[in-house]
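Trainee: Structure incoming, see below.
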C-alpha cells in the first residue's frame, strides 16, 4: 500500500471523533478526508469525495449506522465499512456483516490496533475484534457472508502449519516454541514470515486464513496440549 488510505468517520460524539482524528493524523499512511455527525451528513459529503474506509458508529441521530450501512451498500459498495461500537450481540454482528460491513471493533481499541485492522481490511477485506469468535467467523465463511482475499500461493511446511494452528488457539510464542521443539527466535522469525507470505497484518487475519483453508475448525480438529 503506497498511497495513503483515505478514511471517513461517521459519529456524533464530538470529543471521541476529535481525539480519533488527532491520533490518526499521526500516521503518514492515513488521511482523514471526511468527518460527519450522521449518515445524512456523510451521504452529502460523499458527492465530492469517496474514501477507502468508513469508521462507522451505530447510534447516531437523523440516519443511524444501520441505515448508513444499507445506504452505502446500495450506492457506494466499494467503501469498506468498519463498525466502531460497544455492542457485542451475535445477532447484531451477523446482521451488520450481511449488510456489507467489513470489520467490527470496540471503541476502546488502542490506536495501533486500529491501524493494524484498517490495514487488514485493505489487504484481506476484513477485520474483527475478540468478540467475533472463531465459531462466528466459521459461520460467516460457511454461509459466504464474507469472502476474504489472501495470497494463497504461499507454501508452508509442517512446522509452519503447527505454528499457525497454535497461534490461532492463542498460545504464546514461548509455548509454541516448546510445542514444535524450536527456539523462540526461530518461531518468531517463522511467524513473521507467515504473516508476510499471507499478506496479513495480525492474528485476526491469520485466524481467518486458517478457517478459510480448513487448517483449524470446530469439533473436527483439536490442538494437542
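Trainee: Only one of (1) over 15 Å from residue 8 (Cβ atoms); (2) at pLDDT 90 or above; (3) part of a helix (DSSP H, G or I) fails for residue 114. Which number is that?
Mentor: (1)
Trainee: Could you say whether any residue in the range 126-137 is surrounded by fewer than 21 Cβ atoms within 10 Å (Cβ to Cβ) and in contact with a strand residue (DSSP E or B) (Cβ under 6 Å, 6 or more places away or on another chain)?
Mentor: yes
Trainee: Sort out which residues of the range 146-160 are surrounded by 15 or more Cβ atoms within 10 Å (Cβ to Cβ) and more than 16 Å from residue 189 (Cβ to Cβ), and write them in order of number.
Mentor: 146, 148, 150 - these are the residues of the range 146-160 that are surrounded by 15 or more Cβ atoms within 10 Å (Cβ to Cβ) and more than 16 Å from residue 189 (Cβ to Cβ).
Trainee: Residues to consider are 21, 17, 62; find the one that is surrounded by fewer than 21 Cβ atoms within 10 Å (Cβ to Cβ) and on the phi > 0 side of the Ramachandran plot.
Mentor: Values: 21 fails: on the phi > 0 side of the Ramachandran plot; 17 fails: on the phi > 0 side of the Ramachandran plot.
Result of the check over 21, 17, 62: 62.
Trainee: With a cut-off of at least 1 residues that are over 25 Å from residue 95 (Cβ atoms), name the helices (runs of 4 or more DSSP H) lying wholly within the range 119-225. Don't jump to the end; show me each part of the working.
Mentor: Values: elements: 134-142, 158-168, 173-180, 184-198, 203-212.
Output list reads 158-168, 173-180, 184-198, 203-212.
The values are calculated or read from the model by the stated rules, or taken from the named source; none is laboratory data. All of these numbers come straight from a predicted model, not from anything done at the bench. Every residue, glycine among them, receives a Cβ derived from its backbone with ideal geometry; neighbour counts consider all protein chains shown.
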